[in-house]
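The next block holds one structure in the form of structure tokens; read it before the comments.
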Amino acid sequence: MSTASQEFDYIVVGAGVAGSVLASLLSEYPDRSTLLLDAGQENPLDIGRSQGAFLLTWGDTEKNWAYQTVPQPGLAGRVVDEPRGRAVGGSNVLNIGAWLRGRPEDYDAWEQAGATGWNAEAARRAFLAIEATDRGPADLRGSDGPLRLNDIATPTALSDTLLDAYVEYGFGARGDSDGAVADVADRYQTVFVDGVRHTVADAYLTEEVRARESLTIRVGAHVSRVIIEDGRAVGAEVRPRSPASKMPTSAPASPWAPCSCSPKAPVPCASPPPTPPTGPSSTPVSSARKATSPASSKRYA
Ligand SMILES: Cc1cc2nc3c(=O)[nH]c(=O)nc-3n(C[C@H](O)[C@H](O)[C@H](O)COP(=O)(O)OP(=O)(O)OC[C@H]3O[C@@H](n4cnc5c(N)ncnc54)[C@H](O)[C@@H]3O)c2cc1C
């Protein structure tokens, strides 16, 4: 296994919901370089993107980290599957795709807990900037953001019955759950457009964004270590990902032998890497624009 180093201004680990947005926004600085790393691969336009197929995706151990809980005493010792997305798009490649804002008081609680500027009003402005709802322009909904949000194309009669029951039992009225009143019964909007999943990564890592010289995306890049110097994260170490396997949620005994703990699908463990270089990194920033899979251990700073 060989090692090589490259330097970037920003490194974002994980091209999921948070990472894809962050890398997209950072790459708006033309004079700064941003590296986006993900252990998974690109999320292709395949059957797994269709609206009813998320359970299919949960069985795909390429796209799913396929964590499992420890045996649950409250469930007669059963182990429970905990799907998490492993692809560009993160858990958004296999989640339900429901779009529901949180309650305003929850966002205000962030600020009360010390996150100055993170409150319901800031969240509202962010939602307006993100959303492109098919419900049309409204004061409280965004209609020209990058993320397309659609009403469910074929709502069932059962869902109407449930919504009516909510009203009948006096919990509140039917209305827009992202409107002025939070406690209403509503069908949530989704990220499915004409039955096809459009992830946050699709919305923020468009062809135009990917073409930026300031952005490099590496898939199949499992970050095995964040390099901390003087209490500050200064780099990341990447190794090629080991074969897909079920992994328990409990911490593995060694970061270099993550598969040995798998009770379901044991696979050979990765060899420990050589000691990483300690001198300053000097390899120039890659100008490659296409996502590539690293073949050996790499160090990014
Ligand atoms: C089954 C399920 C259903 C859900 N349903 C909904 C829903 O309907 N609506 C909703 O709003 N939310 C839903 N969620 C929650 C939502 O998907 C998450 O809150 C969101 O994806 C979290 O974003 P994130 O960026 O923190 O993580 P993720 O989106 O999971 O992204 C993390 C990324 O980091 C990568 N990564 C992890 N470790 C490494 C490493 N060591 N090296 C390199 N890359 C790494 C992963 O491969 C992944 O791509 C659901 C979640 C699950 C699991």
- Message: Against the definition (open to solvent by less than 60 Å² (accessible area, probe 1.4 Å), part of a loop (DSSP other than H, G, I, E, B), closer than 19 Å to SER91 by Cα and modelled with pLDDT under 50), how does ALA244 come out, yes or no?
- Response: yes
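Condition check ((1) open to solvent by 80 Å² or more (accessible area, probe 1.4 Å); (2) more than 14 Å from the ligand (Cβ to nearest atom); (3) assigned to a helix (DSSP H, G or I)) across all residues:
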{"position": "SER91", "(1), (2), (3)": "no, no, yes"}
{"position": "GLY102", "(1), (2), (3)": "no, no, no"}
{"position": "ALA109", "(1), (2), (3)": "no, yes, yes"}
{"position": "GLY114", "(1), (2), (3)": "no, yes, no"}
{"position": "ALA132", "(1), (2), (3)": "no, yes, no"}
- Looking at (1) loosely packed, with under 14 Cβ neighbours inside 10 Å; (2) over 23 Å from VAL17 (Cα atoms); (3) within 16 Å of the ligand (Cβ to nearest atom), which is the one condition that is false for ASP186? (1)
- Taking segment 1-29 and keeping only residues that are closer than 12 Å to VAL209 by Cα and more than 17 Å from the chain's Cα centre (by Cα), one is left with SER27, GLU28, TYR29
- Here is a list of conditions, (1) more than 18 Å from GLU213 (Cβ to Cβ); (2) open to solvent by 10 Å² or more (accessible area, probe 1.4 Å), and ARG32 meets all of them except one; can you say which number that is? (1)
- Query: Among the numbered criteria (1) touching a residue at least 12 places away in the same chain (Cβ under 8 Å); (2) out of contact with any helix residue (DSSP H, G or I) (no Cβ under 8 Å at 6 or more places or on another chain); (3) outside the structural domain of TYR107 (by TED's automatic domain parsing), which single criterion is violated by GLU208?
  - Reply: (1)
- Message: Quick check on VAL79: is it open to solvent by 50 Å² or more (accessible area, probe 1.4 Å) and touching a strand residue (DSSP E or B) at 6+ places or on another chain (Cβ under 6 Å)?
- Response: yes
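Restricting to segment 70-89, count the residues that are within 15 Å of the ligand (Cβ to nearest atom) and assigned to a strand (DSSP E or B). Write out each step before concluding.
If we filter segment 70-89 for residues that are within 15 Å of the ligand (Cβ to nearest atom), which is where we start, we get 80-89.
Narrowing further to those that are assigned to a strand (DSSP E or B): 81-82, 85, 87.
Matching residues across segment 70-89 total 4.
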- Test for ARG218: is it within 16 Å of the ligand (Cβ to nearest atom), open to solvent by 60 Å² or more (accessible area, probe 1.4 Å), of a type in the set (Lys, Arg) and outside the structural domain of ASP106 (by TED's automatic domain parsing): no
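What residue, of SER24, SER50, is within 16 Å of the ligand (Cβ to nearest atom), under 24 Å from VAL193 (Cβ atoms) and surrounded by 17 or more Cβ atoms within 10 Å (Cβ to Cβ)? Spell out the reasoning first.
Working: SER50 fails: surrounded by 17 or more Cβ atoms within 10 Å (Cβ to Cβ).
The match here is SER24.
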- Residue in segment 35-47 that is most open to solvent (accessible area, probe 1.4 Å), counting only those that are touching a helix residue (DSSP H, G or I) at 6+ places or on another chain (Cβ under 9 Å) and of a type in the set (A, V, I, L, M): ILE47
- Query: With (1) under 21 Å from the mean Cα position of the chain (by Cα); (2) touching a residue at least 12 places away in the same chain (Cβ under 8 Å) as the list, and GLY59 as the residue in question, which single condition is left unmet?
  - Reply: (2)
- Message: Just the residues that are of a type in the set (S, T, N, Q) and free of Cβ contacts under 8 Å to residues at least 24 places away in the same chain, please, taken from segment 104-142.
- Response: GLN112, THR116, ASN119
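The values are calculated or read from the model by the stated rules, or taken from the named source; none is laboratory data. What you see is a predicted model; the values in this text were computed from it and never measured. Glycine gets a Cβ as well: all are built from the backbone with ideal geometry, and neighbour counts include every protein chain shown. These area figures cover heavy atoms from the full protein model, side chains too; ligands, DNA and RNA do not enter into them. Shrake-Rupley method; radii C 1.70, N 1.55, O 1.52, S 1.80 Å.
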